[in-house]
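Only the coordinates and a few stated rules stand behind these numbers; no lab work does. No experiment lies behind these values; they were computed from the predicted model shown. Cβ placement follows ideal geometry from the backbone for every residue including glycine, while neighbour counts extend to all protein chains displayed.
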Amino acid sequence: MKEATTAARRDEFQNRLATWFAAARRELPWRENRHPYRVWVSEVMLQQTRAAAVTPYFLRFMERFPDLHNLAEADLDEALKLWEGLGYYARARNLHRAAKVVVEQHRGMIPSDYPRFRKLPGVGEYIAAAVLSIAFDQPYAVADGNVKRLLARLFREETPVNHSRADKIYRPLADQLLNRAHPGMHNQAMMELGSLVCRPRQPDCLHCPVRAFCRAHSAGVTDEFPRRLEKKQVPIHKMLCAVIVDQGQYLVVRRPETGMLGGLWEFPTLLQPNGRMSRPAKERAIAQRTGLTIQLDKKLGMVEHGYTHFRLQMEVLLCRRRGGPAQLEGGERTRWIQPDDFSRYAFHGAMQKVFLLLKPFLYE
Ligand code: SF4
């Protein structure tokens with residue numbers, strides 16, 4: 001009897017959610033059709049990023065790489081350029097690698113079974129569940145940030161959503177509610193409800209279709225959920241960024257493909273260990289880093305940029321090349337390029353801030 005009641009309540013929950021979604025769902029470009037490639041690209045872009053920010057990137061990406069073969073055949077540089085500004089660049093590198101694997105090992109067909117799809121580069125449990133449910137209607141529940149927040153309130157779940165075990169707790173909760181007849185629609189509806197109604201601050205409980213099922217709401221404690229672990233203080237990395245010019249051309253360096261910001265371009269950077277160096281010491285350090293003799297002209301300013309595990313404070317220096325080869329250590333790729341060509345290269349976010357400082361001096 002208890003099971004029947006539980007099943008009836010779950011059906012009721014699913015029906016209310018589906019009715020709400022049919023009326024409230026946003027028209028987003030990746031919802032025009034459910035082609036697995038489009039769903040996959042959109043879900044990768046949407047990780048850690050809001051739909052409004054993703055939309056122009058998705059449209060540009062689809063225009064250039066309308067199908068998986070186009071992406072697999074393209075240079076990584078080009079894919080990164082289209083990703084520039086979205087952040088979390090490992091996502092783009094993995095997507096590009098995965099497209100090649102699909103072409104080479106799966107005859108260009110995106111696998112529709114969980115184990116094979118999950119094995120592709122960059123495909124974690126979330127991406128696998130989202131793509132397989134939305135594109136292939138397979139019964140895998142998703143629990144992204146929006147869904148975890150919604151579940152935490154619905155169930156008054158005490159596990160902090162940023163705890164390392166959060167997925168182990170929230171995914172089974174999402175699975176309990178999953179509409180197995182329409183998993184793709186259901187997952188999108190849960191994410192949409194979390195994003196539009198069960199917002200991080202001031203959830204719109206008055207217009208919530210599943211209010212009757214919400215334990216946090218009935219107890220009047222919605223603002224206490226979800227629980228979160230306090231963020232640890234992140235360390236600050238102090239660096240120098242050397243913008244080196246020689247006859248109107250600027251030295252740029254490509255970061256190694258593996259590792260943080262892999263494959264992206266930047267002006268040469270180096271750690272400034274104690275955060276304080278004399279001018280001659282900076283010149284020597286830059287010379288050592290680049291193999292060039294340089295003269296430090298002026299400080300352009302400071303750039304601050306936040307990453308997941310540290311905060312960057314970077315002093316940006318305009319320097320002139322006085323001599324030496326343009327060869328950097330470590331096999332990195334280096335180029336001398338003109339300001340007009342900056343836009344052809346994919347630079348990471350901190351460098352976009354360097355450009356703002358550099359702009360007034362570019363054509364001096
Ligand atoms: Fe979220 Fe309020 Fe709906 Fe509960 S009632 S799920 S807190 S919007």
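Below are the figures for this structure:
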{"item": "Counted charge near Arg201, where neighbours are those whose Cβ lies closer than 12 Å (Asp, Glu -1; Lys, Arg +1)", "result": "0"}
{"item": "Distance violations [Cα-Cα > 24 Å] among Lys81/Lys168; Lys100/Lys168; Lys238/Lys298; Lys119/Lys232; Lys232/Lys298; Lys168/Lys232", "result": "Lys81/Lys168; Lys100/Lys168; Lys119/Lys232; Lys232/Lys298"}
{"item": "Cβ-derived FRET efficiency at R0 56 Å, Ser218 paired with Arg116, nearest 0.05", "result": "0.80"}
{"item": "Distant alpha-carbon pairs in the chain (separation over 25 angstrom), percent", "result": "62 percent"}
{"item": "The chain, helix-only ellipticity at 222 nm - DSSP H runs n ≥ 4, -39,500 (n - 2.57), divided by all residues, nearest 500", "result": "-13000 deg cm²/dmol"}
{"item": "Local electrostatic count at Tyr89 - Lys and Arg +1, Asp and Glu -1, tallied over other residues with Cβ under 15 Å", "result": "0"}
{"item": "Antiparallel %, DSSP beta bridges [both residues in region 222-364], to 5", "result": "70 percent"}
{"item": "Filtered GluC sites (Glu not before Pro), region 188-246: DSSP coil and at most 15 other beta carbons within 10 Å", "result": "Glu230"}
{"item": "Rounded to 10°, Cα long-axis angle of helix 166-177 versus longest principal axis of the chain", "result": "40 degrees"}
{"item": "Region 220-300: projected area of the alpha-carbon convex hull, averaged over directions, in nm²", "result": "9.3 nm²"}
{"item": "Nearest 10 degrees, 0 to 90: helix 36-46 Cα axis against the chain principal axis", "result": "70 degrees"}
{"item": "Listed residue (Gly220, Leu264, Leu251) projecting farthest to the positive dipole end of region 164-288, Cβ model", "result": "Gly220"}
{"item": "Neighbour cut-off at most 13 other Cβ (10 Å), DSSP loop, trypsin sites (Lys or Arg not before Pro), region 106-178", "result": "Arg107, Lys119, Arg165"}
{"item": "DSSP beta bridge pairing in the chain, given as percent antiparallel to the nearest 5", "result": "70 percent"}
{"item": "Filtered chymotrypsin sites (Phe, Trp or Tyr not before Pro), region 115-202: DSSP coil and at most 11 other beta carbons within 10 Å", "result": "none"}
{"item": "Residue among Asn274, Asn162, Asn94 with the largest mean-square fluctuation in a Gaussian network model of the chain, springs linking Cα atoms under 10 Å", "result": "Asn274"}
{"item": "Dipole magnitude (debye, nearest 20) for the chain, charges at Cβ of Lys, Arg, Asp, Glu", "result": "900 debye"}
{"item": "The chain: most fluctuating residue of Arg279, Arg60, Arg320 per GNM, C-alpha cutoff 10 Å", "result": "Arg279"}
{"item": "Between region 38-94 and region 96-142, the Cα center-to-center distance that results, in Å", "result": "16 Å"}
